[in-house]
1. L78 fails exactly one of the following numbered conditions: (1) under 20 Å from E3 (Cβ atoms); (2) in contact with a helix residue (DSSP H, G or I) (Cβ under 7 Å, 6 or more places away or on another chain). What is the number of that condition?
2. Of all residues being exposed (fewer than 10 other Cβ atoms within 10 Å of the Cβ) and free of Cβ contacts under 8 Å to residues at least 40 places away in the same chain in region 1-20, which is farthest from T80 (Cα to Cα)? Just the residue, please.
3. Look at R102 and say whether it is outside any helix (DSSP H, G or I), touching a residue at least 60 places away in the same chain (Cβ under 8 Å), charged (D, E, K, R) and surrounded by fewer than 17 Cβ atoms within 10 Å (Cβ to Cβ).
4. I'm told A17 meets every condition in (1) part of a loop (DSSP other than H, G, I, E, B); (2) at pLDDT 90 or above; (3) over 24 Å from Q95 (Cβ atoms) except one. Can you identify the failing condition by its number?
5. Restricting the first residue to region 37-52 and requiring it to be of a type in the set (A, V, I, L, M), which pairs with a second residue that is loosely packed, with under 11 Cβ neighbours inside 10 Å and in a loop (DSSP other than H, G, I, E, B) meet a Cβ separation below 9 Å and a spacing of at least six or different chains?
6. Output the number of the condition that Q65 fails; it satisfies all remaining conditions of (1) part of a helix (DSSP H, G or I); (2) crowded, with 17+ Cβ neighbours inside 10 Å.
Amino acid sequence: MWELTKSFHFEAAHALAGTTLGAASQEIHGHSFRAEVAIRGTPDPVTGMVMDLGLLDRALGDIRQTLDHKFLNNIEALGTPTLENLTRFIWERVQHAGHVTRVSVHRDSCHESCTYFGPQG
């Protein structure tokens, strides 16, 4: 079994009410994000690949375009723009690409990340 990962970066702003960070979180502020999608599988005997990275790259490009340089609070399908909801949002848009096992979103400047392993059960 192999796990293939592909990542992308995006810049976005958000505002979060109701955190212990108070006004610093409630005001519009931005972050540099890095998202990583992992796909598991066995390489195809003919191609030698778990999946064609070009196909995954296309799917991630569409997601990046949706998120990059956007005010995340305005993306209705995202809900509250938390790391948790970002991972779920990306998962839902890339799960068709292959056997997705996890999606992680990192805010390296804040030393924070979240990983979503998909619906359980």
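1. (1)
2. T20
3. no
4. That leaves (2) as the condition not met.
5. V50/T42
6. Here Q65 clears every test but (2).
The values are calculated or read from the model by the stated rules, or taken from the named source; none is laboratory data. None of these values were measured; they are calculated from a predicted model. Neighbour counts are summed over all protein chains in view; Cβ atoms, including those assigned to glycine, are modelled from backbone coordinates with ideal geometry.
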